[in-house]
Structure formats: structure tokens, C-alpha cells
Amino acid sequence: MAAILASQSSCCRNMELCQQRTSVDDFSASCSISGRRFHKFEKSVSNLPAFRKGLSFQVVMRQTKEPADLESNNRPVTMLPTNEVMKNSRNSSTNKAKSVNGIKQNINGASKGINGASKGINGSSKQINGVSIVKRETASSLVQRSKVLVDAGLPPLEEPRVMPSDAGFSWANDNYNSVQRSIDVWSFVFSLRIRVLLENSKWAYIGGLDEEKQKKRRKKTAAWLRERVLQLGPTFIKVGQLSSTRSDLFPREYVDELAKLQDRVPAFSSKKAREFIAAELGAPVDILFKEFEDQPIAAASLGQVHRAILHNGEKVVVKVQRPGLKRLFDIDLQNLKLIAEFFQNSESLGGPTRDWIGIYEECATVLYKEIDYINEGKNADRFRRDFRNVKWVRVPVVHWDYTALKVLTLEYVPGIKINRLDKLDARGYNRPQIASRAIEAYLIQILKTGFFHADPHPGNLAIDKDEAIIYYDFGMMGEIKTFTRERLLDLFYAVYEKDATKVMKNLIDLGALQPTGDLSAVKRSVQYFLDNLLSQTPDQQQTLAAIGEDLFAIAQDQPFRFPSTFTFVIRAFSTLEGVGKFVDPNFSFVKIAAPYAQELLDLKEGRRTGVQLVREIRKQAEDARDYTVSMPYRVQRIEEFVKQLETGDLKLRVRVLESERAARKATILQMATMYTVLGGTLLNLGVTFSSQGSEMVANGSFVGAGVFLTLLIRSMQRVKKLDKFETMI
Ligand SMILES: Nc1ncnc2c1ncn2[C@@H]1O[C@H](COP(=O)(O)OP(=O)(O)OP(=O)(O)O)[C@@H](O)[C@H]1O
């Protein structure tokens, strides 16, 4: 609420007039805070001839001393709550801003705790009683505060964007009907199911199914999906964006289309934005800000970003959440939960494939966190602290006085988006350095601070004037707790040693692999991955993205369940690698990561020295002793086993996993036949009853038929999955 403070500030209590200039059209006075003779000042102002004539004044204030208590961004800590200031302005008749001859008068407008910036609000204004009589000036008339950017108004945007409006979308309507919404959601889900079914069914292709045809159809479905998601609005757009990070769950074509959702989100009107800000921050936008730009600079699924200037001249961006978003989330997530349960239950009839409820829960947590801008502000603060010693990373400062649950105000830090090569080149920036810094900053987050940006797409990374990397958007952050970090380190060492057993143990500890059932196929896959994909010579080295893809492909038919942290990290690295290669054609991830990897390996070696090394040597000595002592006994046991086998006392029971799978498949096919018969019968009955006019019974039969047909579809999908699994191992 510093804005209000700016207008109501008391910083003019102690000042004396030090410079005056009069003319018929313009009068300006500059003063500095140096004494405690405010009354004297007031008197001297009222005695001025120009003032007596009713002309407007400009008072320029300069603070000669820093206030004692400043925040990190040089703003004063002592602030008045908005409601207090609003109350003051309402109660005091002299306090109201009146418009006289197109000139706003702001009376009693000194604010408490403002750091020497101009206190005039919006247009030419007089502040009698309190101090200043300010004629509206260009922003350049604002007073410079030592470190704060108050030099000019908002600079023109490098690339002004015309954003589509949300006017035609039903979800943008504040009073949408929740029943209608649920119908929309469910009909979308059923349409999608049918499309996916058709996509995977041989009979749905004229002339038979082949990979090319299936890909083509999948692309079509993916484009349809993107459009529908856009129609369904914020929740689905965000879920779509999240899904675009899950190559482990969805086909490539879907993931690619969903990634395009980033650029296609419509904006809401500035009127809505202003009303929303006023409701959230407790004061009208014109009072809160000296200037507020109605045209947003960006619109995203959950909110949009406007530029503004505070009364102390600082340039900021105001991130405004879409009005009514929480309500929409509640309805949509309720439906999504039912959908997840539906999938989970229908799949659990024949064995688990994905933990849909778990995936839903992760999604819901991320979504609710993302609409909490206080949380985002805290994340930004923590991220800035983590990088306080890294001069080439920049994180906007949060203006907490202008921030609430659904409105976030940040320092305005413009930059060139990291993927705008033309602009980077035009400024002569060092592209290889930018590419390597982007990766290095991420390695610091993953390996050192443990707090990482989960969505480092090019829209969220920009380059500052001094070639520092600017981070935007702290809604989705990941955290790697100490336990996880240690397991990850062990995983890294196991991968380095190419030890599949250890890799699997660490994956189980991390919760990424379910320790159930037959893991021999998983072990073979892991070993294959270690032997082939990670041991290529530099010239045949795969990209991280390709390795990630392979990893996800292996995971698709096996009992892996990557926690979102994992997928975010993998996805983030492959995104950044893509950015790196785009920015610098000679970019090599391995080269940048090598010192960090070496550091980790040194750390491991370091760990083995000292006490641990002694312990290890002692353990090895004990093992050797035990082994030597027990050797004759072991040989004797082996001999006994062989004898028992020869005499037939010992029988070997062999589990043939392939035949177990075949039996499972036969059971599913049997069930499928039953579902077909029951579904068909009910369908027939439905038609018969319907023709006889018994609509109720007919509808019941149709619903029953629908259920059995759905079960049939599920069974066919499971058979297909088993087939695919067979080919994998
Ligand atoms: N502090 C800032 N200074 C300058 N521009 C900013 C700032 N914060 C955000 N922007 C601009 O607004 C855009 C959107 O911001 P941000 O990513 O935080 O919004 P969002 O609603 O979370 O979007 P998304 O969900 O697509 O990431 C950024 O890409 C950047 O261009």
C-alpha cells in the first residue's frame, strides 16, 4: 500500500522551500527535507503570488538522508495499511481528490514513510494542508531517488502484442452454471476417450492400421485436444501445460500440441483487471499507482501482467489473476478427481498401469499453489536469496505492499527473451556465455540450493542489459529435500558405475520404481540404458532430450512412477538444453556439467577418506575372514543340494512369467467377450423397449450397455498393453 502512503505521506513534514519558479502556466518548486518547519513551508507556499492566483504548482522533493529503516529494495518499512489510508481519505473532507479544471487536487496528501519520491497523484494535483501542489507533469518530472528507477515513464515495449480477448469464452463469464460446466467437462472426456479408442483400433482404419496412418490421426486428435482445452479454459489449459511435461504418460504428438498452449491464452479486459486489483488490494488502481497500463504485456492461463508506476516512481509489473479462477478450479478439479477415479478403477480391474489418482493429486496441488500469489512472492524471495552471490542471475523484487493472494506486484525487469537471437545479436551479447549460464544456473539449483524453477521455458527467461539472466514466474518451483538429494547423489554414482542393481535400489528408495512383481525386465531395461545410452563417445552423444525420451519410453510399460519433481527436472534440463543449442550451436551440456559432476565425484571420494575409509577397510577385512571361515561349510552345502537333486528329494518349481502373462491375457479376453455379449444384449433390449415406448427401461438398458462397452474398451486396451510389453522384453 505504499502508493497510498505516497499520496498520504508525511515525508513533507520537515521541509523547506528551496527553489521556486513562477509563470502564468507553470509554477514549480523544489524542496529538500532538511528541517522541521513544515508550517513555515505551508505558510510560504500560501503566500506565493501564483498560489493566490489559483495556479498550479510543482513541488519537487529530494531527500537528503536515507530513512533509518529500509527494506532490501530501499523502500521504507513503515507503511500504513490500505484500509487505514482509505478510511482517512474517506473521513476527511479535505482529503478527497477533487477535479478542478481538469486538474486533480490532492489535499492532505502527505504520506508516511515514503522515500523521497514525488507525492502527486495522477494528473495535476494540489496538496494543500499536507504540502505539495503538483501540476501533472511528464514522468520525467518525477524525482530521482538514489537507487530507484524513476527516470521516465514506462518505456515503449519492444514488441507490443495484441492478445486475443476472452470475451467469447463461456468460462470467462463470471456466472457460469456449475452443472453446465460439469456436462461440458464430461462430454469432453468422453469425446477424447472415443477418439483415442478409434486411434488405436485396427478396425477404424480403412485398408488396415499402420504407423504412418496412426501418427496422422493422432496429430489430428492432438490438434482437436488443444482447441478443446482452450475452449474449456484456465484449469484445462494449465493441466494441458502440465501434461506437456509428461512424455512418460502421453504420446509425443499430444505433448507437442499441448506445449503450444503457452502462447494462445486470451486476455481479460482492463476493466475487469482494475476492478479485481481494487477488490484485492483495497483501493482503486488510480490511487494505488501513479500510472497503470491497461494493455497487458502478457496473458497466461492463470493471469495477466500489466505494467505500472508506483507513486515513488518505481516501475513495476502487476500480475493479476483471472477473476473467478478459484471457483472454476473447485468445480473443474472436482470433476477431474472423478475422472481420475474412473480411470483408476476401470484399470484396476486388470492390474495397475498408472496411478491416476496420484497424478490428479499432484496436479491439484500444483494448481492450487500456483494461484496463491503470496506463495509465488515467497518463492521469488527465496530464489533471489539463493542467488544473492551470483551476479549474473536476476530475480525481480517483490513489492509486498501491493501484493495479495491474487495480485502480485514485482519490480519491472525488462529483458530480451533468451530465444530472440536477432535481438541478442543486435546488442552484441555473448551467446555461448548466455547458453552456458542458463544451464549453470540450473545446475546450481538442482545440485546446490535444492530449490529449482520447475518451468524454465524461454518465456520465463530473459537477458538483462548486463547480460545477466532474468527469471520470471515463480509459481511452480520444485524442492529437493536432503533425503532425496542424497538418494539422487547415490543414483548418480550408481549410474556412473553402471550398476543396474544399485540404480534400481535407489529408484525404489526415491519412490520412482514400485518394488512389486517381477523386476527382471526392468533390470534388463536399466542395464541396457546404462550400457548403450550413457556410454557413447562425444560425437555420438545423445541429447538430454533424447535420453529423457528413452527413459520415459522405458518407463511407459514398466512399474515406474516418476514423481513430478523428477519429470520437472528432466523436462527442465531438456528444455534448457534445447535453448542452449538454439542460442549457441556449439553448446555442449556435458562440457558445462563436467565440473559439477567432477565436484560430486570428488565429494564421494572425499567421503571415503578418514573415518569412513577405516570403517570400509575394517568391513572388507571382516568379510574376508567370514568368507574364509565359512568356505568349507558352503562347499558342503552345495554338495548336499546336488545329492538331493540326484535322489529326487529336491524339486525345482519354475515360474514361467511369459505363460503367466499369456494366462492373464486369456482371462482379459474372456471378460471382454462377456462384456460384448452383455453390452450387445442390453443395447438390443434398449432398442426394443424404446420402440415400445418404455423410455425409462430403455434408458436404463442403454446406460448398462454403455458401461459394458466401456469395460470392453478398457479390456482391449489392456490386451494391447500386454502385447506391447511382450515386444519390449
Ligand atoms: N518482473 C517482470 N518484469 C518484466 N516483465 C515481466 C516481469 N514478470 C513477468 N513479466 C513478463 O510477463 C510474462 C508473464 O509472466 P509470468 O510468467 O510470471 O506469468 P504467468 O501468468 O505465470 O505465465 P505462465 O503461466 O505462462 O508462465 C513474462 O514472460 C514476462 O515477459
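The values are calculated or read from the model by the stated rules, or taken from the named source; none is laboratory data. Given the structure is predicted, the values throughout are model-derived calculations rather than measurements. Cβ: placed from backbone, ideal geometry, glycine included. Neighbour counts: every protein chain shown.
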Problem - Matching residues, the stretch 305-331, being within 12 Å of the ligand (Cβ to nearest atom) and among the charged types (D, E, K, R) - result: ARG307, GLU314, LYS315, LYS319, ARG322
Exercise for the section: Please go through the stretch 372-419 and pick out each residue that is of a type in the set (Val, Ile, Thr) and outside any helix (DSSP H, G or I). Expected result: VAL390, VAL393, VAL395, VAL397, VAL398, THR403, VAL407, THR409, VAL413, ILE416, ILE418
Practice task
Determine, yes or no, whether LYS216 is more than 16 Å from the ligand (Cβ to nearest atom), modelled with pLDDT under 90 and among the charged types (D, E, K, R).
Solution key: yes
Problem - Qualifying positions in the stretch 174-206 - aliphatic (A, V, I, L, M) and part of a helix (DSSP H, G or I) - result: VAL179, ILE183, VAL185, VAL189, LEU192, ILE194, VAL196, LEU197, LEU198, ALA204
Practice task
May I ask you to say which residue of TYR472, TYR429, TYR442 is modelled with pLDDT of 80 or more, touching an Asp or Glu at 6+ places or on another chain (Cβ under 8 Å) and closer than 30 Å to ARG382 by Cα?
Solution key: TYR429
Fill in the blank from the handout: Being within 17 Å of SER182 (Cα to Cα) and modelled with pLDDT of 90 or more narrows LEU333, LEU325 down to just LEU333
Practice task
Scan the stretch 258-273 and report the pairs whose first residue is closer than 14 Å to PRO323 by Cβ and of a type in the set (A, V, I, L, M, F, W, C) and whose second residue is within 11 Å of the ligand (Cβ to nearest atom) and modelled with pLDDT of 80 or more, with Cβ atoms within less than 6 Å and a gap of 6+ or a chain change.
Solution key: ALA267/PRO296; ALA267/ALA299; ALA267/GLN304; ALA273/VAL320
Exercise for the section: Could you pull out the residue among TYR429, TYR412, TYR368 that is more than 27 Å from VAL239 (Cβ to Cβ) and either crowded, with 21+ Cβ neighbours inside 10 Å or within 16 Å of the ligand (Cβ to nearest atom) (or both)? Expected result: TYR412
Completion exercise
Being within 16 Å of the ligand (Cβ to nearest atom) and of a type in the set (Lys, Arg) narrows LYS465, LYS448 down to just LYS465
Problem - Verdict on LYS290 being at pLDDT 85 or above, within 16 Å of the ligand (Cβ to nearest atom), assigned by TED's automatic domain parsing to the domain that holds VAL189 and in contact with a Ser or Thr (Cβ under 9 Å, 6 or more places away or on another chain) - result: no
Practice task
Taking GLN295 as the residue in question, decide whether it is more than 29 Å from ASN177 (Cα to Cα) and modelled with pLDDT under 90.
Solution key: no
Exercise for the section: Would you mind stating whether GLN445 is within 26 Å of SER244 (Cβ to Cβ), touching a residue at least 12 places away in the same chain (Cβ under 8 Å) and of a type outside the set (A, V, I, L, M)? Expected result: yes
Problem - Subset tally (residues that are away from the ligand (no atom under 13 Å from the Cβ) and touching a Pro at 6+ places or on another chain (Cβ under 9 Å)) for the stretch 451-462 - result: 0
Problem - Given (1) under 19 Å from ASP455 (Cβ atoms); (2) exposed (fewer than 15 other Cβ atoms within 10 Å of the Cβ); (3) in contact (Cβ under 8 Å) with a residue 24 or more places away in the chain, number of the condition GLY358 does not satisfy - result: (1)
Practice task
Look at the stretch 471-507 and say how many of its residues are buried (at least 18 other Cβ atoms within 10 Å of the Cβ) and either among the charged types (D, E, K, R) or within 16 Å of the ligand (Cβ to nearest atom) (or both).
Solution key: 9
Completion exercise
Here the residues within the stretch 219-250 that are in contact with a Phe, Trp or Tyr (Cβ under 7 Å, 6 or more places away or on another chain), at pLDDT below 85 and outside any loop (DSSP other than H, G, I, E, B) are SER243
Problem - Complete set of residues in the stretch 254-309 that are surrounded by fewer than 18 Cβ atoms within 10 Å (Cβ to Cβ) and closer than 22 Å to ALA364 by Cα - result: ALA259, LYS260
Problem - Selected residue (only one of LYS391, LYS406, LYS423 is within 30 Å of ASP286 (Cβ to Cβ) and modelled with pLDDT of 90 or more) - result: LYS406
